[in-house]
Number of protein chains: 4
Amino acid sequence: MEINTSKTKSGEHLVDVAPLAAALEKFATEREWAQFHSPKNLVMALTGEVGELAEIFQWMTEEQSHAAGGSPGTSQAVKEELADILLYLVRLASVLGVDLNVAAQHKLQVNAEKYPVDKARGSNKKYTEL
Amino acid sequence: MEINTSKTKSGEHLVDVAPLAAALEKFATEREWAQFHSPKNLVMALTGEVGELAEIFQWMTEEQSHAAGGSPGTSQAVKEELADILLYLVRLASVLGVDLNVAAQHKLQVNAEKYPVDKARGSNKKYTEL
Amino acid sequence: MEINTSKTKSGEHLVDVAPLAAALEKFATEREWAQFHSPKNLVMALTGEVGELAEIFQWMTEEQSHAAGGSPGTSQAVKEELADILLYLVRLASVLGVDLNVAAQHKLQVNAEKYPVDKARGSNKKYTEL
Amino acid sequence: MEINTSKTKSGEHLVDVAPLAAALEKFATEREWAQFHSPKNLVMALTGEVGELAEIFQWMTEEQSHAAGGSPGTSQAVKEELADILLYLVRLASVLGVDLNVAAQHKLQVNAEKYPVDKARGSNKKYTEL
């Protein structure tokens with residue numbers, strides 16, 4: 001019985017992105033796009049999408065930003081940019097051979113050690129300054 | 001039978017990020033960090049992590065970048081940055097009330113229409129120029 | 001009399017970055033770094049620096065951000081990141097053969113047309129929505 | 001005689017951005033945009049512009065990127081994005097009260113110490129790894 005893989009049933013993973021990874025692989029293969037999908041290029045594409053996301057939020061107050069996911073003027077753009085970022089992130093991880101679920105589990109563990117509850121409570125300081 | 005929800009069993013979704021979203025919510029609540037996690041701030045944090053990822057790849061050739069996920073010198077940093085991006089992306093989507101699975105499904109559909117196989121094959125042009 | 005060049009005396013240009021461009025060229029040549037300074041790589045390096053800048057500001061309120069240039073805790077980091085961005089921007093423009101002064105003059109003109117005072121006053125909308 | 005200020009005649013500075021800073025201040029004041037131009041917001045705007053620049057270069061090879069400043073298909077977009085980045089960078093420095101010339105001088109000095117010629121020659125390693 002394999003329980004250490006991220007491909008097992010729900011509850012045993014933090015994220016499951018395998019179906020999207022497969023869909024993106026198929027999408028790229030059909031279009032002969034593997035030649036463009038070097039990790040370096042995909043990092044730049046990811047950068048571009050995050051830039052588009054930032055543009056939506058740049059003049060909003062923090063208060064206003066809370067409503068951006070549901071407001072008629074911004075909701076669709078927000079969803080599209082979040083999806084674009086997810087798509088490139090998952091594609092990039094595939095091309096790099098990185099298991100996002102394992103990486104996320106590890107990072108959560110690292111963060112828990114860097115930011116112990118009693119020290120980090122209510123603080124926005126970096127762990128090196130706590 | 002509900003097949004349109006992202007909370008059903010594996011195979012009926014492109015991504016399942018619910019366990020990570022819950023873990024991040026718990027992490028933030030325990031540390032009273034909700035006050036800092038406005039969408040605007042999280043977009044900036046996401047930007048910062050993507051910047052760190054770009055730094056790993058900036059002087060690599062495309063050829064070299066293919067090995068970055070497995071090379072001793074970069075593998076750990078790559079995994080950590082990909083995880084950081086995933087964590088902030090999932091947290092941001094939660095705070096905005098955006099279902100990443102639905103958003104990804106929609107975006108894949110949009111991309112398929114923008115980039116029909118026969119037009120997009122072997123081309124790196126934007127859909128507006130195909 | 002030449003008045004269309006950015007190399008003439010102060011007052012006839014918006015910016016003069018020629019001395020910095022020359023210093024950076026010398027710096028790169030001495031270290032045989034021209035081989036790494038492709039425009040693509042420099043764009044990624046610029047991205048990385050902007051990401052570091054974003055990290056300084058990510059958890060600040062807008063109010064707090066106004067003091068970041070003078071606060072003991074952030075002043076040095078802010079100055080260093082702004083300088084890093086400037087250095088890579090000027091280097092990138094050099095490598096691409098773009099005259100930043102001419103480009104800035106043109107962009108100011110474009111912006112003045114996109115955002116006429118009477119329409120844009122007090123608004124943070126994009127010109128396409130004014 | 002003041003020779004340590006960046007406001008003196010050409011040759012005594014690395015960059016002179018004062019005329020652009022003044023033009024941007026006027027532009028913002030006429031449109032009552034100071035209310036939106038918090039450093040935090042301007043950092044996000046800068047991020048957005050750098051993202052747009054990355055999009056131009058994302059699928060290019062390094063080789064191709066060398067021609068992007070002069071190619072009919074990309075030249076105008078490249079110039080506009082470089083100008084946008086410069087405009088937001090200069091505006092941000094103004095709002096933060098940072099003298100870009102002084103910051104650049106300091107950073108060049110720091111870089112020269114971090115990357116001594118004999119150690120850094122032909123290497124793309126970070127100074128911490130030299």
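Scanning region C:85-130 for residues that are farther than 22 Å from A:Glu55 by Cβ and of a type in the set (D, E, K, R), we see that the one that is nearest to the chain's Cα centre (by Cα) is C:Arg91. Does region D:42-73 hold any residues that are surrounded by 23 or more Cβ atoms within 10 Å (Cβ to Cβ) and either touching a strand residue (DSSP E or B) at 6+ places or on another chain (Cβ under 7 Å) or among the charged types (D, E, K, R) (or both), and which are they? Listed by number, the list holds a single entry, D:Glu49.
Quick check on my filter: what residues within region B:89-130 are surrounded by 14 or more Cβ atoms within 10 Å (Cβ to Cβ), more than 25 Å from D:Ile56 (Cβ to Cβ), free of Cβ contacts under 8 Å to residues at least 60 places away in the same chain and not small (Gly, Ala, Ser)? If the condition is that a residue be surrounded by 14 or more Cβ atoms within 10 Å (Cβ to Cβ), more than 25 Å from D:Ile56 (Cβ to Cβ), free of Cβ contacts under 8 Å to residues at least 60 places away in the same chain and not small (Gly, Ala, Ser), then B:Leu92, B:Val95, B:Leu96, B:Val98, B:His106 are the ones that fit. For region C:28-41, state whether one or more residues are more than 14 Å from chain B (Cβ to nearest Cβ), out of contact with any strand residue (DSSP E or B) (no Cβ under 7 Å at 6 or more places or on another chain) and closer than 26 Å to D:Val98 by Cβ. No; the residues of region C:28-41 include none that is more than 14 Å from chain B (Cβ to nearest Cβ), out of contact with any strand residue (DSSP E or B) (no Cβ under 7 Å at 6 or more places or on another chain) and closer than 26 Å to D:Val98 by Cβ. Based on what the data block shows, is A:Ala34 part of a helix (DSSP H, G or I) and more than 15 Å from the chain's Cα centre (by Cα)? For A:Ala34, the condition - part of a helix (DSSP H, G or I) and more than 15 Å from the chain's Cα centre (by Cα) - is not met. Note on region B:74-83: residues that are within 24 Å of D:Glu62 (Cα to Cα) and crowded, with 22+ Cβ neighbours inside 10 Å amount to 3. Among the residues in region B:106-122, are any touching a strand residue (DSSP E or B) at 6+ places or on another chain (Cβ under 9 Å) and of a type outside the set (A, V, I, L, M, F, W, C)? No: region B:106-122 contains no residue that is touching a strand residue (DSSP E or B) at 6+ places or on another chain (Cβ under 9 Å) and of a type outside the set (A, V, I, L, M, F, W, C). Filtered by the rule that a residue be touching a helix residue (DSSP H, G or I) at 6+ places or on another chain (Cβ under 6 Å) and hydroxyl-bearing (Ser, Thr, Tyr), region B:17-62 gives B:Ser38, B:Thr47. Would you please name the residue that is farthest from the other protein chains (Cβ to nearest Cβ), looking only at residues in region B:71-86 that are in contact (Cβ under 8 Å) with a residue 12 or more places away in the chain and not in a loop (DSSP other than H, G, I, E, B)? Result: B:Ala77. Hey, could you check region B:102-130 for residues that are more than 7 Å from chain A (Cβ to nearest Cβ) and basic (Lys, Arg) and say which is nearest to A:Arg31 (Cα to Cα)? Here the answer is B:Lys119. The condition of being farther than 30 Å from D:Thr61 by Cβ, among the hydrophobic types (A, V, I, L, M, F, W, C) and within 10 Å of chain B (Cβ to nearest Cβ) holds for only one of C:Met60, C:Met44, that being C:Met60.
Readers should treat all values here as calculations from the given coordinates under stated rules, not as data from a laboratory. Values in this document were obtained by computation on a predicted structure and should not be read as measured data. Heads up, the Cβs are rebuilt from the backbone with ideal geometry, glycines too, and the neighbour counts pull from every protein chain shown.
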